[in-house]
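Shown next, in structure tokens, is the structure this report addresses.
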Amino acid sequence: MPVPVLLTFDTELDGDIAALKTLNIAVPATYFFTGKFALAYPELVDTLARAGNTIGSHSYAHPHLPQISQDALDSEIRMSKTLLESITKKQVVWFRAPYMEYDERVMKSLKAQGFLYDSSDSEHWEAQRVLTELPISDIRRGNMLASDYDLIVEQHMSEKQFEDALKELYRSKSKLGQPAVILLHPKNAAICPNAIRNFIDFVKKEGGRFVTADQYVAETQTQKLSRYAVWVDFSKETLSPEYIAANIARTSITDVFLMAKDAQGNYYYGPKSANNMFEKTLALLRQQVPTVKIHAWLPALSDTQALRKHHTWAMTAQNGRLSANWMSPANPEVATYMKSTITDLVRNYKIDGIHLDGLSYTGHDYDFSSQSIEAFAKSQGLATKPTLTDLLTKYYNSWVNWRSTKIYDYAATVGEAVKTAGKSKVEYSAELLGERVFNFTDAELSGQEIPLLAQVFDFLVPSVEISGTPEDRELIGRTMTSFRIKAGEKPLVMRLVGPSNGRHISQESLSAIIDLLSKGSNGIGFSSYHVIFGNQVGVPFLDEQGLNSINRVFGGQGLKPFIRPSTGSLTFHNIPVLPGGFTMLMAVIFNMVAIPVFGRKADQHHLEGIDAVQEQGKIRWNDIEQKVRAGLLDGTSSEQICSMLRSYDARGIHQNRIVLVLDAISNPGSPMPRLYGVVSGSREWKSLALKYFHEVCLLGYAEIDDRNVTLTPQGWALLERARADGFDVSFWSFIESRLHEAVLVQCPLCGAENITHFFWSSYECSACGKLQRLGESALVSVFTPEGSLLVKDTVDLV
């Protein structure tokens with residue numbers, strides 16, 4: 001694949017004038033000048049700028065920037081930038097630090113003074129996250145920097161060896177079309193002028209091209225959007241396949257990623273599935289939107305159920321603890337298991353792609369299994385198994401490179417299964433964390449070495465969490481450029497993860513994001529079906545106007561009319577719950593669920609107003625939930641709610657809240673947004689949820705590492721026992737919401753309005769003073785008052 005080659009010159013010495021004449025560079029290049037040099041030789045700077053080369057700053061006097069004061073630092077940056085811009089009559093936005101030395105203070109000062117790009121890091125050891133980084137290339141995975149100083153001066157290479165090293169760099173970059181960024185100092189490069197000339201001729205013969213830094217960035221922004229994707233997560237809640245297909249049919253979505261199996265090991269297809277949601281949705285999409293590409297979405301290395309049966313598959317921590325959720329990529333049995341799953345999916349279902357997420361280590365603490373360490377020792381030719389201390393010191397660089405290689409090997413092995421089973425017609429993709437592209441320590445933690453992984457997949461999916469603020473554009477831009485540098489010409493589909501704080505994305509923010517992605521990405525995707533179509537516990541962060549905007553980018557027209565599907569089950573969709581036109585997509589409710597016995601009082605003699613259905617042991621709480629959401633609740637239903645709430649004592653409420661937290665942790669992703677959504681808009685509930693989350697961890701039911709919170713065996717045992725005893729997360733969410741709500745009722749005698757809550761079966765009218773039954777009163781409204789503890793006598797005991 002053709003390679004863009006960037007010759008970059010750090011120019012600061014008087015002798016560089018003669019050296020540049022000797023080199024006689026006649027191809028586009030990038031020159032980083034010190035202010036002092038530019039002041040002494042303005043004609044040269046002007047000539048090179050007029051020729052179309054990129055001009056960048058190399059400070060003013062070439063000091064060790066981290067060692068000088070803030071005032072001196074600001075002066076160094078300002079004087080150099082001002083001088084270069086006065087000579088070139090162009091904005092100077094590129095910087096390279098003297099000696100490649102900087103700290104965060106330096107980068108923030110550069111940003112404050114208008115710099116956009118930096119080129120002070122080496123490819124394998126990137127560290128800064130403030131500016132967009134164009135790293136200097138390395139050779140052989142960080143063993144040598146592509147620099148004349150490193151190769152000629154330090155390595156003492158001959159001119160032929162220097163030329164061969166540059167050609168080796170080019171060939172390695174040609175696998176993906178990555179940029180080859182070469183650091184040259186005119187005085188050093190002039191020692192081997194023929195090597196430079198021969199390399200230039202070689203690149204041209206190979207079909208490569210020489211570009212400036214500005215030209216390269218411009219090239220990365222000439223991509224074309226061809227994919228509009230959405231991820232459908234069946235592990236979050238019950239969804240209706242009919243409504244999924246109907247909603248997607250309205251749009252110009254090109255790719256749907258359907259969850260086939262979740263991180264807990266739950267299948268959504270085949271005989272192991274409880275509901276076959278994958279199969280049903282796949283069939284409806286094929287029927288209603290035949291042009292859409294459908295990708296089976298699976299976790300690459302997470303399968304809790306499999307690890308319960310195969311403990312030897314688990315990643316191992318430094319202290320010997322086995323992970324309950326993460327499988328080792330170095331274990332060949334794990335790859336065999338995954339290949340079997342992939343083969344089954346590809347051969348038995350008409351899918352267009354296989355998509356992996358979680359293709360990483362859970363942190364640097366894993367995987368230190370004996371099997372992995374022995375394999376590492378063998379790969380390095382070590383006679384004995386290295387100690388933990390040796391791995392983290394003496395062999396550290398080799399160890400982290402080997403870990404990344406194991407992730408690559410695993411992905412490649414699974415990819416062969418995709419290719420074989422799909423007869424090379426099924427696409428293979430993976431999600432990679434966008435936030436882990438800027439710093440080499442993140443790659444060490446995850447094992448995701450993008451230049452390696454990009455060789456395996458048909459396209460990559462960098463995920464970026466957006467906040468709904470102006471900073472989103474900068475973050476997305478830096479992420480795209482960093483991925484493009486590392487992945488070369490490999491297509492990128494940017495997956496946007498909605499704001500964790502529930503913030504709605506404004507039309508202005510969305511338009512800016514779409515504009516940016518339409519230039520630098522090959523596709524745009526959304527983290528979940530819920531965030532663009534909504535669900536029963538929140539609202540989508542995109543409104544109809546936003547969906548229309550995206551649709552026009554891909555289809556040239558707005559959304560198609562929504563055609564309500566006909567389903568055989570009771571469903572409620574798009575019920576208004578908030579002012580301003582927000583709507584909520586309700587999940588399909590299949591069964592009327594009995595009140596769980598988990599945590600209930602043994603004696604029921606105090607219950608009042610039990611109707612015939614209740615006397616049979618069941619209350620149709622789903623019907624009541626529908627009435628609450630529609631604002632149609634009557635006195636009889638209110639009394640039924642009261643009976644349900646009063647069937648739980650303080651201990652029962654406490655137990656169910658503990659299990660609610662355990663259930664949230666057992667599902668993939670962060671548990672807190674899921675918990676906060678149980679009682680939407682209540683700050684009081686958020687505080688309670690956080691309190692119970694901490695309690696679960698303190699009781700030893702869950703453990704937290706640097707990336708995840710997972711259940712311990714004790715936590716799983718309690719959760720499974722509770723489920724066996726009848727705990728149902730949907731029902732308890734219904735109960736919890738009622739505990740936090742107040743009701744405005746009208747006295748049947750005097751007509752005065754009174755505020756009470758569902759927990760009390762009667763109230764004293766504030767106007768006439770008469771004691772009235774809740775069931776005999778007309779309800780005016782139901783609401784969640786902030787800062788008010790609705791069932792104080794009960795909750796305080798909990």
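The values are calculated or read from the model by the stated rules, or taken from the named source; none is laboratory data. As the structure is a computational prediction, the values presented were derived from the model and not from experiment. Cβ placement follows ideal geometry from the backbone for every residue including glycine, while neighbour counts extend to all protein chains displayed. The area values use the complete protein model at the heavy-atom level, side chains included, leaving out ligands, DNA and RNA. Shrake-Rupley method; radii C 1.70, N 1.55, O 1.52, S 1.80 Å.
Site pair Ala218 and Glu703 shows an inter-label distance of 5.5 nm when each label is modelled 7 Å from Cα along Cα→Cβ. For Lys293, the aspartates and glutamates whose Cα comes closer than 13 Å to its Cα, not counting residues fewer than 8 places off in the same chain, are Asp255, Asp352, Glu427. Length gained on full extension, Lys385 to Arg141: 85.4 nm, using 0.36 nm per residue less the C-alpha separation. The gain in end-to-end length when the Thr312 to Glu104 segment is fully stretched comes to 70.6 nm, 0.36 nm per residue minus the alpha carbon separation.
So, with a 1.4 angstrom probe, what is the percent of accessible area on region 8-104 that is carbon and sulfur? Let's see the in-between values first.
Details: 2270 of 4270 Å².
Within region 8-104, the accessible surface is 53 percent carbon and sulfur.
Starting from the Cα gyration tensor of region 190-315, take the square roots of the eigenvalues, sort them a ≥ b ≥ c, and report rounded, prolate or oblate (rounded when a/c is under 1.5, otherwise prolate if a/b is larger than b/c, else oblate). Here region 190-315 falls in the oblate category.
Report, to the nearest whole %, how much of the accessible area of region 652-730 belongs to carbon and sulfur atoms, 1.4 Å probe, protein only. Write out the running numbers ahead of the final one.
Numbers: 1850 of 3380 Å².
In region 652-730, the share of accessible area belonging to carbon and sulfur is 55 percent.
Helix-only estimate, please: 222 nm mean residue ellipticity of the chain, summing -39500 (n - 2.57) across DSSP H runs of length 4 or more and dividing by its residues, to the nearest 500. If you can, show how the numbers build up before the last one.
Numbers: 31 runs with 327 residues, N = 798.
Only helices count here, giving -12000 deg cm²/dmol.
Give me the accessible area per residue for region 422-538, probe 1.4 Å, as a whole number in Å². Please report the intermediate quantities before stating the final value.
On the way: 3720 Å² over 117 residues.
On a per-residue basis, 32 Å².
Which listed residue (Val456, Gly520, Ile55) has the Cα farthest towards the positive end of the charge dipole for the chain, taking +1 on Lys and Arg C-beta and -1 on Asp and Glu C-beta about the Cα centre? Farthest along the dipole direction, towards plus: Val456.
What does the charge count near Val334 come to, summing +1 for each Lys or Arg and -1 for each Asp or Glu among other residues with Cβ under 12 Å from its Cβ? Numbers along the way, then the final one.
Working: positive: Lys339, Lys406; negative: Asp303, Glu333, Asp367, Asp409.
Net local charge, Val334 excluded: -2.
On a 18 Å Cα-Cα criterion, which of the cross-link pairs Lys175/Lys486; Lys224/Lys519; Lys339/Lys423; Lys280/Lys419; Lys339/Lys490 come out too long?
On the way: Lys175/Lys486 11 Å; Lys224/Lys519 6 Å; Lys339/Lys423 15 Å; Lys280/Lys419 25 Å; Lys339/Lys490 24 Å.
The answer is Lys280/Lys419; Lys339/Lys490.
Would you work out the charge dipole size for the chain about its Cα centre, treating the Cβ of every Lys and Arg as +1 and the Cβ of every Asp and Glu as -1, and quote it to the nearest 20 debye? Could the numbers behind the result be given before it?
Working: 79 positive and 89 negative charges, 383 e Å.
Using Cβ point charges on Lys, Arg, Asp and Glu, the chain gives about 1840 debye.
For a straight C-alpha distance cut-off of 20 angstrom, the aspartates and glutamates reachable from Lys378 (same-chain residues fewer than eight places away being disregarded) are Glu333, Asp367, Asp390, Asp409.
Expressed as a whole percent, the accessible surface of region 171-216 that belongs to carbon and sulfur atoms is 45, based on a 1.4 Å probe. In region 314-355 the Cα-Cα distances spread across 10 Å bins starting at 0 as 25, 37, 25, 11, 1 percent of all pairs. Shape of region 238-373 from the C-alpha gyration tensor: prolate (a/c of 1.5 or more and a/b above b/c, with a ≥ b ≥ c the square roots of its eigenvalues). Distance from the C-alpha centroid of region 223-243 to that of region 324-380: 25 Å, rounded to the whole angstrom.
Under a point-charge model restricted to the Cβ atoms of Lys and Arg (+1) and Asp and Glu (-1), what is the dipole moment magnitude of region 378-453 relative to its Cα centre, in debye to the nearest 20? Each step should come with its number before you reach the end.
Details: 9 positive and 9 negative charges, 73 e Å.
Value, rounded to 20: 360 debye.
Of the beta bridges in the chain, as assigned by DSSP with both residues counted there, near 35 percent are antiparallel.
With a/c under 1.5 counting as rounded, go ahead and sort region 53-163 into rounded, prolate or oblate using the C-alpha gyration tensor (a ≥ b ≥ c being the square roots of the eigenvalues; past the cut-off, prolate if a/b is larger than b/c, else oblate). Because a/c hits 1.5 or more and a/b exceeds b/c, region 53-163 counts as prolate. Taking the Cα centre of region 625-743 as origin and assigning +1 to Lys and Arg Cβ atoms and -1 to Asp and Glu Cβ atoms, the resulting dipole is close to 180 debye.
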